[in-house]
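Have a look at the structure below before the remarks.
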Amino acid sequence: MADPVPIRTDAVVVENRSEGGANRRLRLQVDGWRGFGPGQFVMLSPGSRADVVRSDPLLPRPMAVYRAAPAGAGAVVEILFKVSGRGTGLLADVLPGQRVALVGPLGRSFDLPESGERAILVAGGTGIASVYELAARARANTEVSVLLGARTRDDLMGVEDFESLGVALRLATEDGSAGEQGLVTALLEAELAVDGTARVYVCGPTPMMRRCAEISAARGRPCVVSLENTMACGFGVCLGCAAPLATGGYALVCRDGPMFDAEQVAWEGLP
Amino acid sequence: MSASQAPDTRVDLAGIPLRNPVLTASGTFGYGSEFAPFLDLRRIGGFVAKSLTLKPRFGNPPPRISEAPSGMLNAISLENVGVDAFIDEKLPVIPDGVTVIASLFETEIAGYAAVAERLSEEPRIAGLEVNASCPHVKSGGIEFGQNPKVLAELVRSVRRATSRPLLVKLSPNVTDIGEMARVCEAEGADGISLINAVQGLEVDPETRRPVLSNVLGGLSGPAIRPIALRMVWQASRAVTLPICGIGGIATAADAIKFLLCGATAVQVGTANYLDPAVAGEIVDGIEDYLKRHGIERVSDLVGALEIPPDRRS
Ligand SMILES: Cc1cc2nc3c(=O)[nH]c(=O)nc-3n(C[C@H](O)[C@H](O)[C@H](O)COP(=O)(O)OP(=O)(O)OC[C@H]3O[C@@H](n4cnc5c(N)ncnc54)[C@H](O)[C@@H]3O)c2cc1C
Ligand SMILES: Cc1cc2nc3c(=O)[nH]c(=O)nc-3n(C[C@H](O)[C@H](O)[C@H](O)COP(=O)(O)O)c2cc1C
Ligand code: FES
């Protein structure tokens, strides 16, 4: 199914609450929303289009569509985000009833695993937000394992939501405050030691994705990674989000991705 | 003018008739069709497509962009689909009635002329814009637009290669913009566009490295607007050529400032990234302004800046 045509609108904040640590959950009423595919994202700017033009920070921020549910003349779109700088700091301050300029959904969506093919979803830090919808949709026709990693318990997002999906869920934290102590890549190694087909989906920090790609390749399992390059536009016109390809040249993360087959990516050229 | 009568927003830019003075800037509007979900392209005066070279080119390695106070730095470099793919694949999907200006650049003068010739064969293109902010290989990488002799040679050569409306887009990285404008006038350009991005540098103190892979980048966005306005005003006093004003335009008020300072039309750049429909809103805002002030023709605003007599230099 083709991905829905993106819209550009002012979304209304329904809820903006702390999820522990620096993580927040933002729920937006988006009128005219036409649906989205797993792994797609939106560009968000705190403040309405009609406001006096905010110019610092200037650029909108890419955020994965965590999930969405039909509501009113559109949908309530949920975003999980981590306050990590000026833009996300401003997003943390928007209050219910206020407006947030939104463009999306953008990018391609994940291809769902084939029926019967086991799906292993590996996500770290803010990358967790990019795989929830994939887990939710894939579990309908296949076995889904979700491996989530973060530095510490507080950095993990959405754990209860994954639990209520009923997928096999394993956690890893570097300090051992939740799940196993260590890196989520170790969990992937253990999962892939089991025989059988599996497709690996990864979103997280670049070193983690690269390691997952190596582990999957060593086991001969297909691996899809969702990249998080810096973006200015999100819809393929600034050419700012280029990711180097193993075959030479560049792909645009916002238009050709954000997901790529891991072997397409020239990892050494990623910032 | 009666309240019900719509003001006349048409302008003629260097021989290109525009339904209104709001264009979008090269490199910020892709090849046009990317904006179709957000904006009726017929609502704006037209768009300037991403700068084209003879052959398709890859750009710089990442990171290519970085944020700056009220702006952004970019070092995309020459990335584009090439002039043939533009004509064969990109132009045909642009709806009728949309004014398309093609931008071109190369690293040598002969290359510019060749691209200009190829584009001139294409009736769907309303005019050409020469991007003179590209580093010139033969003069050690300085921008074509930074040296009046090199600029003169460039404009002369492209002028010979095309009889279509010809705009020259000037670099702001010069001491005397008036001199560069006069060079364009003397060599037969039909108009000038200014400004391109302002050269800048951003550094990460933790790693002690430049943020962009290319080290230097071009600053764009609201941060450069006062510089752009100043340069448009200076250029408008130096030449009679029509001017297309560019730099940090995000609202109708911004656009009107450029008209007042002598621009016949404007281009919206970085603001398209924040709001892909902004150019249409600027058109609406200009119409509102004209109605509010009882101005019949938008062209009446061009150069209408009023400087109190005791402030004139
Ligand atoms: C397709 C895509 C989907 C994303 N989805 C989510 C999401 O669902 N939830 C979420 O919390 N974040 C997500 N991100 C990352 C998010 O966009 C950045 O964290 C955000 O732009 C940082 O903005 P800032 O102004 O707060 O930080 P800045 O002040 O710009 O920078 C602060 C820190 O954040 C880092 N940073 C900046 N931009 C990015 C980026 N694009 N990716 C990773 N780190 C960055 C910087 O290196 C710096 O260390 C996504 C990014 C992409 C490209
Ligand atoms: C990412 C990016 C790419 C650009 N690419 C081009 C280009 O290919 N050709 C060109 O003439 N100008 C290019 N420009 C410059 C813009 O057209 C414009 O002159 C400049 O950004 C100033 O306007 P603004 O402040 O409204 O963006 C580019 C600007 C940006 C931000
Ligand atoms: S973010 Fe602008 S092209 Fe990808």
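The values are calculated or read from the model by the stated rules, or taken from the named source; none is laboratory data. Predicted, not measured: the structure shown is a model, and the values here were computed from it. We place every Cβ from the backbone using ideal geometry, glycine too, and count neighbours over all the protein chains shown. Just the protein is used for accessible areas: all its heavy atoms, side chains included, with ligands, DNA and RNA removed. Shrake-Rupley method; radii C 1.70, N 1.55, O 1.52, S 1.80 Å.
Output the number of the condition that A:D56 fails; it satisfies all remaining conditions of (1) within 21 Å of A:F110 (Cβ to Cβ); (2) at pLDDT below 95.
(1) is the only condition that A:D56 fails.
Go through (1) modelled with pLDDT under 95; (2) surrounded by fewer than 21 Cβ atoms within 10 Å (Cβ to Cβ) one by one and return the number of the condition B:C134 breaks.
(2)
Condition (residue is farther than 17 Å from B:P61 by Cβ, away from ligand 3 (no atom under 16 Å from the Cβ) and either assigned to a helix (DSSP H, G or I) or not assigned by TED's automatic domain parsing to the domain that holds A:V184 (or both)) applied to the stretch A:240-262: is it met by at least one residue?
Checked the stretch A:240-262: at least one residue is farther than 17 Å from B:P61 by Cβ, away from ligand 3 (no atom under 16 Å from the Cβ) and either assigned to a helix (DSSP H, G or I) or not assigned by TED's automatic domain parsing to the domain that holds A:V184 (or both).
Name the residues in the stretch A:81-99 that are buried (at least 16 other Cβ atoms within 10 Å of the Cβ) and either more than 27 Å from A:P205 (Cα to Cα) or away from ligand 1 (no atom under 14 Å from the Cβ) (or both), would you?
So in the stretch A:81-99, the residues buried (at least 16 other Cβ atoms within 10 Å of the Cβ) come out as A:81-83, A:87-88, A:90-92, A:94, A:98-99.
Scanning the stretch A:81-99 gives A:Q98, A:R99.
Would you check if A:D56 is open to solvent by less than 50 Å² (accessible area, probe 1.4 Å), within 14 Å of another protein chain (Cβ to nearest Cβ), over 19 Å from B:E34 (Cβ atoms) and out of contact with any Asp or Glu (no Cβ under 6 Å at 6 or more places or on another chain)?
Numbers: open to solvent by less than 50 Å² (accessible area, probe 1.4 Å): no; within 14 Å of another protein chain (Cβ to nearest Cβ): yes; over 19 Å from B:E34 (Cβ atoms): yes; out of contact with any Asp or Glu (no Cβ under 6 Å at 6 or more places or on another chain): yes.
In short, no.
Mind checking whether some residue in the stretch B:62-78 is farther than 25 Å from A:R61 by Cβ and away from ligand 2 (no atom under 15 Å from the Cβ)?
Checking the stretch B:62-78: not a single residue is farther than 25 Å from A:R61 by Cβ and away from ligand 2 (no atom under 15 Å from the Cβ).
Can you find, within the stretch A:59-98, the residue that is farthest from the other protein chains (Cβ to nearest Cβ) among those that are of a type in the set (A, V, I, L, M, F, W, C) and within 16 Å of ligand 3 (Cβ to nearest atom)? Show your work before the answer.
Of all residues in the stretch A:59-98, those of a type in the set (A, V, I, L, M, F, W, C) come to A:59, A:63-65, A:68-69, A:71, A:73, A:75-77, A:79-81, A:83, A:90-92, A:94-95.
Keeping just the survivors that are within 16 Å of ligand 3 (Cβ to nearest atom) gives A:59, A:63-64.
Numbers: A:L59: 6, A:M63: 15, A:A64: 19 Å.
Checked the stretch A:59-98; the qualifying residue farthest from the other protein chains (Cβ to nearest Cβ) is A:A64.
I need the full set of residues from the stretch A:255-266 which are out of contact with any strand residue (DSSP E or B) (no Cβ under 7 Å at 6 or more places or on another chain) and away from every other protein chain (no Cβ under 12 Å), in order please.
Those that are out of contact with any strand residue (DSSP E or B) (no Cβ under 7 Å at 6 or more places or on another chain) and away from every other protein chain (no Cβ under 12 Å): A:D256, A:E263.
Can you name every residue in the stretch B:89-104 that is surrounded by 11 or more Cβ atoms within 10 Å (Cβ to Cβ) and either touching a residue at least 24 places away in the same chain (Cβ under 8 Å) or touching a Gly at 6+ places or on another chain (Cβ under 9 Å) (or both)? Steps first, answer last, please.
As a first pass, look at the stretch B:89-104 and keep what is surrounded by 11 or more Cβ atoms within 10 Å (Cβ to Cβ): B:89-91, B:94-95, B:98-104.
Hits for the stretch B:89-104 are B:K90, B:L91, B:I94, B:P95, B:V98, B:T99, B:V100, B:I101, B:A102, B:S103, B:L104.
Do we find a residue being exposed (fewer than 15 other Cβ atoms within 10 Å of the Cβ) and at pLDDT below 95 anywhere in the stretch A:222-243?
First, the residues of the stretch A:222-243 that are exposed (fewer than 15 other Cβ atoms within 10 Å of the Cβ): none.
Looking for residues that are exposed (fewer than 15 other Cβ atoms within 10 Å of the Cβ) and at pLDDT below 95, one finds none in the stretch A:222-243, hence no.
Taking interchain pairs and intrachain pairs at least six residues apart, which have beta carbon atoms under 7 angstrom, with the first residue in the stretch A:236-254 and at the interface with chain B (Cβ under 7 Å from one of its Cβ atoms) and the second of a type in the set (K, R) and open to solvent by 10 Å² or more (accessible area, probe 1.4 Å)?
A:G236/A:R255
Which one of A:E78, A:E15 is more than 13 Å from ligand 1 (Cβ to nearest atom) and modelled with pLDDT of 95 or more? Even if it seems obvious, please write down each step before you answer.
Values: A:E78 fails: more than 13 Å from ligand 1 (Cβ to nearest atom).
Matching residue, one of A:E78, A:E15: A:E15.
When you check A:V167 against the structure, is it open to solvent by less than 10 Å² (accessible area, probe 1.4 Å) and closer than 23 Å to A:S115 by Cα, yes or no?
On the way: open to solvent by less than 10 Å² (accessible area, probe 1.4 Å): no; closer than 23 Å to A:S115 by Cα: yes.
So A:V167 fails the test.
Results for (1) within 16 Å of ligand 1 (Cβ to nearest atom); (2) open to solvent by less than 10 Å² (accessible area, probe 1.4 Å); (3) within 13 Å of chain A (Cβ to nearest Cβ), shown as yes or no for each residue.
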| site | (1), (2), (3) |
| --- | --- |
| B:V211 | yes, no, yes |
| B:M231 | no, yes, no |
| B:T251 | no, no, yes |
| B:T264 | no, no, no |
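Please identify the pairs in which a residue from the stretch A:217-235 that is away from every other protein chain (no Cβ under 14 Å) and more than 30 Å from B:L274 (Cα to Cα) has its Cβ atom under 8 Å from the Cβ atom of a residue that is away from ligand 1 (no atom under 14 Å from the Cβ) and assigned to a loop (DSSP other than H, G, I, E, B), counting only partners at least 6 apart or on another chain.
Sorted first by the residue in the stretch A:217-235, then by its partner, the pairs are A:R221/A:T197.
Specify which of the listed residues (B:V211, B:V278, B:V232) is in contact with a Cys (Cβ under 7 Å, 6 or more places away or on another chain) and of a type in the set (V, I, T).
On the way: B:V211 fails: in contact with a Cys (Cβ under 7 Å, 6 or more places away or on another chain); B:V278 fails: in contact with a Cys (Cβ under 7 Å, 6 or more places away or on another chain).
Result of the check over B:V211, B:V278, B:V232: B:V232.
Would you check if there is a residue in the stretch A:178-186 being among the hydroxyl-bearing types (S, T, Y) and surrounded by fewer than 24 Cβ atoms within 10 Å (Cβ to Cβ)?
Step one: of the stretch A:178-186, the residues among the hydroxyl-bearing types (S, T, Y) are A:185.
From what's left, surrounded by fewer than 24 Cβ atoms within 10 Å (Cβ to Cβ): A:185.
Yes.
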